[in-house]
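S.K.: Here it is: the structure, laid out below.
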Amino acid sequence: MPKEPDWSVPGMMNARDALNDTIGSAPQGSRQQSVLMGIRDRIDDSLSAVPAERQARQTYAEMNRPLDAFKSDMGAPFVEGVVEKDRFGGKFMLPTSGCPASSSVQAMQAWPR
């Protein structure tokens, strides 16, 4: 007799993990892979209906967003007040005091005119 499906959140997460393994081993772009991804998407939709799971996914997405190197968390550009000019009028991305001695920036400063 077949086992009764486990519709609990942990049971659905286990099914999702198993599907991911099967999707990864299916031929790339195959009908099998496409069908399995559709099933996984339906499981994801069901899991999103669980408030704690939805909150966990939102938190994960926020914590893993790409960083913008030119903006701070306060909204002001990160490089504001950091960019300095070299003796030729060229701009550095960081002040020379923050650069290691072996950097090309300091080597350029020592270069004779």
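S.K.: Which ones in region 17-55 are of a type in the set (K, R) and touching a residue at least 12 places away in the same chain (Cβ under 8 Å)?
M.R.: R40
S.K.: Take residues that are at pLDDT below 85 and tell me which of the helices (runs of 4 or more DSSP H) falling wholly in the chain contain 1 or more.
M.R.: The helices (runs of 4 or more DSSP H) meeting that bar are 104-110.
The values are calculated or read from the model by the stated rules, or taken from the named source; none is laboratory data. These numbers come from a predicted model, not from an experiment. Cβ coordinates were reconstructed from backbone atoms using ideal geometry, including for glycine residues, and neighbour counts include every protein chain displayed.
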